[in-house]
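Asker: Handing you a structure now.
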Amino acid sequence: MGARVLKEEATMKCVICKSGETQAGHTVVTLTRGEFVIVFKNVPAEICQNCGEEYVNDKTTTTLLEIANDSFEKGVVVDVRDYKAA
């Protein structure tokens, strides 16, 4: 189960199970590129109360990708960190 990008920060109907409603929560996001792995804990997300599918908004996704690219360019191989909104 991977986190999906959410365009809005509002409760919504789950696009996977079609019956669950999302609720604000936190998730773990793992990104990889070749041998590079970065894990973000405590990422804010909307989570389906029926099937558990996770949705991360655009702003948070952009932040995660920027941090991941920075770590990758510095030559980091494995990185695990708590998410902190900018």
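The values are calculated or read from the model by the stated rules, or taken from the named source; none is laboratory data. In this text, all values refer to a predicted model and were calculated from it rather than measured experimentally. No Cβ is skipped: glycine too gets one built from the backbone with ideal geometry, and neighbour counts run over all protein chains shown.
Asker: State which residue pairs qualify: first residue touching a residue at least 24 places away in the same chain (Cβ under 8 Å) and more than 12 Å from Val29 (Cα to Cα) and inside the range 44-58, second residue of a type in the set (Phe, Trp, Tyr) and assigned to a strand (DSSP E or B) in any location, beta carbons under 7 Å apart, and separation of 6 or more residues or different chains.
Answerer: Glu46/Tyr55
Asker: Within the range 59-86, track down each residue that is under 14 Å from Val29 (Cβ atoms) and aliphatic (A, V, I, L, M).
Answerer: Listed by number, the residues that qualify are Leu64, Leu65, Ile67, Ala68, Val80, Ala85.
Asker: Also: Filter the range 6-39 down to residues that are small (Gly, Ala, Ser) and over 14 Å from the mean Cα position of the chain (by Cα) and give me whichever is surrounded by the fewest Cβ atoms within 10 Å (Cβ to Cβ).
Answerer: Gly34
Conditions tested, residue by residue: (1) touching a His at 6+ places or on another chain (Cβ under 8 Å); (2) among the basic types (Lys, Arg); (3) modelled with pLDDT under 95.
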{"residue": "Met1", "(1), (2), (3)": "no, no, yes"}
{"residue": "Arg4", "(1), (2), (3)": "no, yes, yes"}
{"residue": "Ala10", "(1), (2), (3)": "no, no, yes"}
{"residue": "Val15", "(1), (2), (3)": "no, no, yes"}
{"residue": "Gln23", "(1), (2), (3)": "no, no, no"}
{"residue": "Val43", "(1), (2), (3)": "yes, no, no"}
{"residue": "Asn50", "(1), (2), (3)": "no, no, no"}
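Asker: Within the range 40-77, how many residues turn out to be assigned to a helix (DSSP H, G or I), surrounded by 15 or more Cβ atoms within 10 Å (Cβ to Cβ) and among the aliphatic types (A, V, I, L, M)?
Answerer: The qualifying residues number 3.
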